[in-house]
Amino acid sequence: ARRALSAGSAQVERIERRCLELFGRDYRYSVIPNVHGEICAHYPRHIVLLERDAGASRDSYESNVQVGKLQDLINRSKMARCRGRFVCPVILYKGKHICRSATLAGWGELYGRTGYNYIFSGGSDDAWADAEDISEEDSALRNADTQLFDKVRGHDIKLLRYLSVRYICDLMVENKKVKFGLNVTSSEKVDKAQRYADFTLLSIPYPGCEFFKDYKDRDYTAEGLIFNWKQDYVDAPLSIPVSLTQSLNIDWSEYQSWDLIQQTQNYLKLLISIINSDDDSGLLVHCISGWDRTPLFISLLRLSLWADGLIHTSLEPSEILYLTVAYDWFLFG
(Lines give C-alpha, C1' and ligand atoms only; values in the text may rest on other atoms or scores of the structure.)
Protein backbone atom coordinates (compact mmCIF):
# COMPACT_ATOMS: atom_id res chain seq x y z
CA ALA A 1 0.00 0.00 0.00
CA ARG A 2 2.72 2.43 0.96
CA ARG A 3 4.73 1.92 -2.24
CA ALA A 4 1.57 2.24 -4.30
CA LEU A 5 0.64 5.53 -2.62
CA SER A 6 4.04 7.13 -2.98
CA ALA A 7 4.08 6.24 -6.65
CA GLY A 8 0.80 8.13 -7.07
CA SER A 9 -0.40 5.55 -9.58
CA ALA A 10 -3.52 6.08 -11.67
CA GLN A 11 -5.26 3.35 -9.69
CA VAL A 12 -4.57 5.11 -6.37
CA GLU A 13 -5.82 8.41 -7.81
CA ARG A 14 -9.01 6.69 -8.92
CA ILE A 15 -9.51 5.25 -5.41
CA GLU A 16 -8.90 8.68 -3.86
CA ARG A 17 -11.40 10.37 -6.17
CA ARG A 18 -14.00 7.71 -5.40
CA CYS A 19 -13.52 8.18 -1.62
CA LEU A 20 -13.93 11.96 -1.94
CA GLU A 21 -17.08 11.43 -4.00
CA LEU A 22 -18.52 9.06 -1.37
CA PHE A 23 -17.70 11.48 1.49
CA GLY A 24 -19.25 14.29 -0.54
CA ARG A 25 -22.60 12.53 -0.88
CA ASP A 26 -23.42 13.25 2.77
CA TYR A 27 -20.93 15.84 4.00
CA ARG A 28 -19.44 19.22 3.36
CA TYR A 29 -15.73 18.73 3.81
CA SER A 30 -12.31 20.32 3.36
CA VAL A 31 -9.17 18.56 2.24
CA ILE A 32 -5.78 18.82 3.94
CA PRO A 33 -3.24 18.27 1.15
CA ASN A 34 -0.61 15.60 1.77
CA VAL A 35 0.13 14.71 -1.86
CA HIS A 36 3.87 14.24 -1.41
CA GLY A 37 3.55 12.89 2.15
CA GLU A 38 4.72 16.28 3.46
CA ILE A 39 2.60 16.01 6.61
CA CYS A 40 2.80 12.24 6.99
CA ALA A 41 4.24 9.70 4.58
CA HIS A 42 1.83 7.04 5.88
CA TYR A 43 -1.45 8.97 5.60
CA PRO A 44 -3.80 9.62 2.66
CA ARG A 45 -2.61 12.14 0.07
CA HIS A 46 -5.93 13.93 0.53
CA ILE A 47 -6.88 14.00 4.23
CA VAL A 48 -10.60 14.66 4.63
CA LEU A 49 -11.95 17.01 7.32
CA LEU A 50 -15.70 16.42 7.58
CA GLU A 51 -17.39 19.71 8.56
CA ARG A 52 -21.14 19.11 8.49
CA ASP A 53 -23.95 17.15 6.85
CA ALA A 54 -24.35 18.28 3.26
CA GLY A 55 -28.12 18.62 3.37
CA ALA A 56 -28.24 19.82 6.96
CA SER A 57 -30.26 22.75 8.18
CA ARG A 58 -28.54 25.61 9.99
CA ASP A 59 -29.27 24.32 13.49
CA SER A 60 -27.93 20.81 12.94
CA TYR A 61 -24.63 19.45 14.20
CA GLU A 62 -21.58 21.12 12.79
CA SER A 63 -17.87 20.80 13.48
CA ASN A 64 -16.22 23.89 14.99
CA VAL A 65 -12.88 22.96 13.45
CA GLN A 66 -11.41 25.23 10.78
CA VAL A 67 -9.13 23.60 8.25
CA GLY A 68 -6.39 26.28 8.32
CA LYS A 69 -6.07 26.20 12.10
CA LEU A 70 -6.17 22.39 12.08
CA GLN A 71 -3.40 22.24 9.48
CA ASP A 72 -1.22 24.54 11.58
CA LEU A 73 -1.72 22.41 14.71
CA ILE A 74 -1.00 19.22 12.75
CA ASN A 75 2.26 20.65 11.43
CA ARG A 76 3.36 21.52 14.97
CA SER A 77 2.30 18.22 16.55
CA LYS A 78 3.23 15.61 13.96
CA MET A 79 6.53 14.75 15.71
CA ALA A 80 4.68 13.71 18.84
CA ARG A 81 3.46 10.33 17.63
CA CYS A 82 5.00 7.17 16.26
CA ARG A 83 5.86 7.37 12.52
CA GLY A 84 4.47 10.91 12.43
CA ARG A 85 0.94 9.46 12.48
CA PHE A 86 -0.72 12.42 14.19
CA VAL A 87 -4.25 12.65 15.64
CA CYS A 88 -6.49 12.74 12.58
CA PRO A 89 -10.31 13.17 12.49
CA VAL A 90 -11.96 10.49 10.33
CA ILE A 91 -15.64 10.20 11.35
CA LEU A 92 -18.06 13.04 12.20
CA TYR A 93 -20.98 11.99 14.41
CA LYS A 94 -23.35 14.46 16.12
CA GLY A 95 -20.71 17.16 15.61
CA LYS A 96 -18.09 15.05 17.44
CA HIS A 97 -14.85 13.99 15.82
CA ILE A 98 -13.80 10.35 16.03
CA CYS A 99 -10.05 10.35 15.45
CA ARG A 100 -7.23 7.89 14.88
CA SER A 101 -3.47 8.05 15.35
CA ALA A 102 -0.41 6.11 16.42
CA THR A 103 0.73 6.11 20.03
CA LEU A 104 3.17 8.66 21.45
CA ALA A 105 6.73 8.66 20.14
CA GLY A 106 9.10 7.64 22.92
CA TRP A 107 12.65 8.73 23.54
CA GLY A 108 14.16 6.42 20.90
CA GLU A 109 11.89 7.41 18.05
CA LEU A 110 11.79 11.11 18.89
CA TYR A 111 15.53 11.48 18.95
CA GLY A 112 15.82 9.15 16.00
CA ARG A 113 13.95 11.80 14.07
CA THR A 114 15.40 14.92 15.70
CA GLY A 115 19.06 14.01 15.88
CA TYR A 116 20.78 10.65 16.10
CA ASN A 117 23.48 11.97 18.45
CA TYR A 118 21.09 11.68 21.40
CA ILE A 119 20.29 8.04 20.78
CA PHE A 120 23.76 6.98 21.77
CA SER A 121 23.93 9.06 24.93
CA GLY A 122 23.08 5.99 26.97
CA GLY A 123 19.56 6.15 28.27
CA SER A 124 15.86 6.33 27.68
CA ASP A 125 13.20 8.73 28.89
CA ASP A 126 12.80 6.71 32.09
CA ALA A 127 16.34 5.51 32.55
CA TRP A 128 17.42 9.01 33.52
CA ALA A 129 15.05 9.10 36.43
CA ASP A 130 16.52 5.98 37.97
CA ALA A 131 20.15 7.08 37.87
CA GLU A 132 21.45 7.82 41.35
CA ASP A 133 24.51 9.74 40.29
CA ILE A 134 23.88 12.10 37.40
CA SER A 135 26.86 14.05 36.07
CA GLU A 136 26.42 17.65 34.89
CA GLU A 137 26.49 16.54 31.28
CA ASP A 138 23.83 13.88 31.87
CA SER A 139 21.74 16.39 33.76
CA ALA A 140 21.83 18.79 30.82
CA LEU A 141 20.80 16.00 28.47
CA ARG A 142 17.99 15.05 30.77
CA ASN A 143 16.72 18.64 30.88
CA ALA A 144 16.85 18.87 27.09
CA ASP A 145 15.01 15.55 26.98
CA THR A 146 12.22 16.79 29.27
CA GLN A 147 11.96 20.08 27.38
CA LEU A 148 11.58 18.24 24.07
CA PHE A 149 8.83 16.02 25.49
CA ASP A 150 7.09 19.07 27.01
CA LYS A 151 7.17 20.90 23.71
CA VAL A 152 6.21 18.06 21.39
CA ARG A 153 3.53 16.54 23.62
CA GLY A 154 2.23 20.04 24.40
CA HIS A 155 1.48 20.51 20.69
CA ASP A 156 -0.20 17.10 20.56
CA ILE A 157 -2.44 18.10 23.48
CA LYS A 158 -3.35 21.39 21.77
CA LEU A 159 -4.43 19.43 18.68
CA LEU A 160 -6.53 17.03 20.80
CA ARG A 161 -8.18 19.98 22.56
CA TYR A 162 -8.88 21.76 19.28
CA LEU A 163 -10.66 18.63 18.04
CA SER A 164 -12.56 18.52 21.39
CA VAL A 165 -11.24 15.03 22.07
CA ARG A 166 -11.70 13.99 25.68
CA TYR A 167 -11.64 10.19 25.48
CA ILE A 168 -8.45 8.36 24.46
CA CYS A 169 -8.80 4.61 23.88
CA ASP A 170 -5.46 2.85 23.81
CA LEU A 171 -5.44 -0.67 22.31
CA MET A 172 -1.78 -1.43 23.18
CA VAL A 173 -1.09 -4.58 25.19
CA GLU A 174 2.12 -2.99 26.48
CA ASN A 175 2.87 0.31 28.16
CA LYS A 176 5.92 1.03 26.02
CA LYS A 177 7.41 -0.53 22.93
CA VAL A 178 11.10 -1.25 23.45
CA LYS A 179 13.47 -1.85 20.53
CA PHE A 180 17.24 -2.18 20.80
CA GLY A 181 16.91 -1.28 24.47
CA LEU A 182 15.25 2.06 23.70
CA ASN A 183 11.71 3.15 24.47
CA VAL A 184 10.67 3.71 20.89
CA THR A 185 7.05 4.48 21.68
CA SER A 186 5.12 5.17 24.82
CA SER A 187 1.50 5.50 25.86
CA GLU A 188 -0.37 8.48 27.31
CA LYS A 189 -1.17 6.34 30.34
CA VAL A 190 2.51 6.15 31.36
CA ASP A 191 3.50 9.74 30.59
CA LYS A 192 5.54 10.47 33.73
CA ALA A 193 4.79 14.19 33.73
CA GLN A 194 1.04 13.42 33.68
CA ARG A 195 0.56 15.74 30.72
CA TYR A 196 -2.56 13.78 29.68
CA ALA A 197 -4.22 13.86 33.10
CA ASP A 198 -7.08 16.06 31.85
CA PHE A 199 -8.19 13.44 29.33
CA THR A 200 -10.23 10.33 30.08
CA LEU A 201 -7.77 7.53 29.32
CA LEU A 202 -9.01 4.02 28.62
CA SER A 203 -6.56 1.14 28.41
CA ILE A 204 -8.34 -1.55 26.39
CA PRO A 205 -5.57 -3.97 25.36
CA TYR A 206 -6.27 -5.85 22.14
CA PRO A 207 -3.96 -8.39 20.48
CA GLY A 208 -1.82 -7.01 17.64
CA CYS A 209 -1.12 -8.26 14.16
CA GLU A 210 1.24 -10.98 15.45
CA PHE A 211 -1.81 -12.70 16.95
CA PHE A 212 -3.66 -12.61 13.66
CA LYS A 213 -1.32 -15.30 12.36
CA ASP A 214 -3.07 -17.60 14.86
CA TYR A 215 -6.40 -16.43 13.44
CA LYS A 216 -5.23 -17.23 9.89
CA ASP A 217 -3.82 -20.62 10.94
CA ARG A 218 -7.25 -21.49 12.35
CA ASP A 219 -8.80 -20.85 8.93
CA TYR A 220 -10.05 -17.42 10.05
CA THR A 221 -12.16 -18.78 12.87
CA ALA A 222 -12.22 -16.41 15.84
CA GLU A 223 -14.61 -18.38 18.06
CA GLY A 224 -12.65 -19.91 20.91
CA LEU A 225 -9.45 -18.09 19.92
CA ILE A 226 -8.06 -16.57 23.14
CA PHE A 227 -4.96 -14.40 23.40
CA ASN A 228 -2.20 -15.48 25.78
CA TRP A 229 -2.11 -12.64 28.31
CA LYS A 230 0.74 -14.24 30.30
CA GLN A 231 3.46 -13.31 27.76
CA ASP A 232 6.36 -11.26 29.12
CA TYR A 233 5.80 -8.13 27.04
CA VAL A 234 2.09 -7.83 27.93
CA ASP A 235 2.03 -5.30 30.76
CA ALA A 236 -0.96 -3.03 30.05
CA PRO A 237 -3.94 -4.04 32.19
CA LEU A 238 -7.50 -3.25 31.16
CA SER A 239 -8.45 0.04 32.80
CA ILE A 240 -11.73 1.88 32.17
CA PRO A 241 -13.34 4.53 34.42
CA VAL A 242 -16.34 2.99 36.19
CA SER A 243 -18.58 5.83 35.04
CA LEU A 244 -18.22 4.56 31.46
CA THR A 245 -18.98 0.89 32.16
CA GLN A 246 -22.02 1.03 34.45
CA SER A 247 -24.66 0.94 31.72
CA LEU A 248 -23.05 -1.84 29.67
CA ASN A 249 -23.66 -4.92 31.82
CA ILE A 250 -20.27 -6.46 30.95
CA ASP A 251 -18.02 -8.16 33.50
CA TRP A 252 -14.75 -6.49 32.52
CA SER A 253 -12.75 -8.48 35.09
CA GLU A 254 -13.23 -11.50 32.79
CA TYR A 255 -11.54 -9.91 29.77
CA GLN A 256 -8.57 -12.31 29.70
CA SER A 257 -10.91 -15.26 29.22
CA TRP A 258 -12.81 -13.76 26.27
CA ASP A 259 -12.27 -15.12 22.79
CA LEU A 260 -11.58 -12.69 19.95
CA ILE A 261 -15.29 -12.38 19.07
CA GLN A 262 -16.39 -11.45 22.61
CA GLN A 263 -13.49 -9.09 23.08
CA THR A 264 -14.16 -7.26 19.83
CA GLN A 265 -17.90 -7.03 20.55
CA ASN A 266 -17.41 -5.70 24.08
CA TYR A 267 -14.83 -3.09 23.03
CA LEU A 268 -17.11 -1.93 20.22
CA LYS A 269 -20.05 -1.62 22.64
CA LEU A 270 -17.82 0.49 24.88
CA LEU A 271 -16.73 2.80 22.04
CA ILE A 272 -20.29 3.25 20.82
CA SER A 273 -21.55 4.06 24.33
CA ILE A 274 -18.81 6.69 24.69
CA ILE A 275 -19.70 8.50 21.47
CA ASN A 276 -23.41 8.27 22.31
CA SER A 277 -22.93 9.93 25.70
CA ASP A 278 -24.54 13.32 26.26
CA ASP A 279 -21.35 15.37 26.26
CA ASP A 280 -20.02 16.75 22.99
CA SER A 281 -16.52 15.33 23.39
CA GLY A 282 -14.66 13.51 20.66
CA LEU A 283 -12.83 10.19 20.79
CA LEU A 284 -9.32 9.09 19.81
CA VAL A 285 -8.60 5.42 19.07
CA HIS A 286 -5.02 4.19 18.66
CA CYS A 287 -2.71 1.19 19.01
CA ILE A 288 1.07 1.41 18.44
CA SER A 289 1.46 2.39 14.79
CA GLY A 290 -2.23 2.98 14.19
CA TRP A 291 -2.49 0.70 11.17
CA ASP A 292 -3.83 -2.72 12.30
CA ARG A 293 -6.02 -2.61 15.41
CA THR A 294 -6.83 1.08 14.93
CA PRO A 295 -8.47 0.78 11.49
CA LEU A 296 -10.21 -2.40 12.65
CA PHE A 297 -12.14 -0.45 15.29
CA ILE A 298 -12.52 2.70 13.15
CA SER A 299 -14.03 0.49 10.40
CA LEU A 300 -16.36 -1.24 12.84
CA LEU A 301 -17.50 2.13 14.21
CA ARG A 302 -18.07 3.53 10.71
CA LEU A 303 -20.02 0.43 9.60
CA SER A 304 -22.04 0.22 12.82
CA LEU A 305 -23.06 3.91 12.82
CA TRP A 306 -23.91 3.66 9.11
CA ALA A 307 -26.02 0.52 9.73
CA ASP A 308 -28.00 2.45 12.35
CA GLY A 309 -28.69 5.21 9.81
CA LEU A 310 -26.59 7.76 11.73
CA ILE A 311 -23.72 8.55 9.31
CA HIS A 312 -23.16 8.30 5.53
CA THR A 313 -26.92 7.89 5.21
CA SER A 314 -27.09 7.93 1.40
CA LEU A 315 -24.50 5.19 0.83
CA GLU A 316 -25.41 1.68 -0.30
CA PRO A 317 -23.84 -1.32 1.53
CA SER A 318 -21.26 -1.83 -1.23
CA GLU A 319 -20.35 1.89 -1.08
CA ILE A 320 -19.79 2.10 2.68
CA LEU A 321 -17.74 -1.09 2.49
CA TYR A 322 -15.66 0.40 -0.32
CA LEU A 323 -15.16 3.64 1.64
CA THR A 324 -13.98 1.97 4.83
CA VAL A 325 -11.66 -0.51 3.09
CA ALA A 326 -10.23 2.15 0.77
CA TYR A 327 -9.94 5.10 3.16
CA ASP A 328 -9.65 3.65 6.68
CA TRP A 329 -7.36 0.80 5.63
CA PHE A 330 -5.64 1.25 2.27
CA LEU A 331 -5.11 5.02 2.06
CA PHE A 332 -4.05 5.17 5.72
CA GLY A 333 -1.23 2.77 4.92
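The values are calculated or read from the model by the stated rules, or taken from the named source; none is laboratory data. For clarity, every value in this text was computed on a predicted model and none was experimentally measured. No Cβ is skipped: glycine too gets one built from the backbone with ideal geometry, and neighbour counts run over all protein chains shown. Please note that ligands, DNA and RNA were not included when accessible areas were found on the heavy atoms of the full protein model with its side chains. Shrake-Rupley method; radii C 1.70, N 1.55, O 1.52, S 1.80 Å.
Remark on the stretch 186-313: Rg and Dmax equal 15.5, 45 Å (Cα only).
Of all the accessible heavy-atom surface of the stretch 152-225, with the other protein chains kept in place and a 1.4 Å probe, what percent is carbon and sulfur? Accessible surface attributable to carbon and sulfur in the stretch 152-225 totals 52 percent.
Using the Cβ of LEU331 as centre and a radius below 10 Å, the other residues enclosed give a net charge of -1, where K and R count +1 and D and E count -1.
The calculated FRET efficiency for the pair GLU21 and SER247, based on their C-beta separation and a Förster distance of 35 Å, comes to about 0.40.
With a cut-off of 14 Å between beta carbons, the residues surrounding THR294 carry a summed charge of +3, where Lys and Arg count +1 and Asp and Glu -1. Average accessible surface for the stretch 155-249: 53 Å² per residue, computed with a 1.4 Å probe over protein heavy atoms with every protein chain in place.
Put the Cα centre of the stretch 20-48 next to the Cα centre of the stretch 270-329 and the gap is 17 Å. Charged neighbours of VAL67, selected by a Cβ distance under 14 Å, balance to 0 (K, R count +1; D, E count -1). At most 12 other Cβ atoms within 10 Å and a DSSP loop assignment: could you name the trypsin sites (Lys or Arg not before Pro) in the stretch 8-70 that fit? Within the stretch 8-70, the qualifying trypsin sites (Lys or Arg not before Pro) (loop, at most 12 other Cβ atoms within 10 Å) are ARG58. With both labels modelled 7 Å from their Cα along Cα-to-Cβ, the ASP72 to SER257 distance reads 5.5 nm.
With both labels modelled 7 Å from their Cα along Cα-to-Cβ, the ARG218 to VAL178 distance reads 3.0 nm. With all protein chains kept in place, the per residue accessible area of the stretch 21-67 amounts to 52 square angstrom at a probe of 1.4 angstrom.
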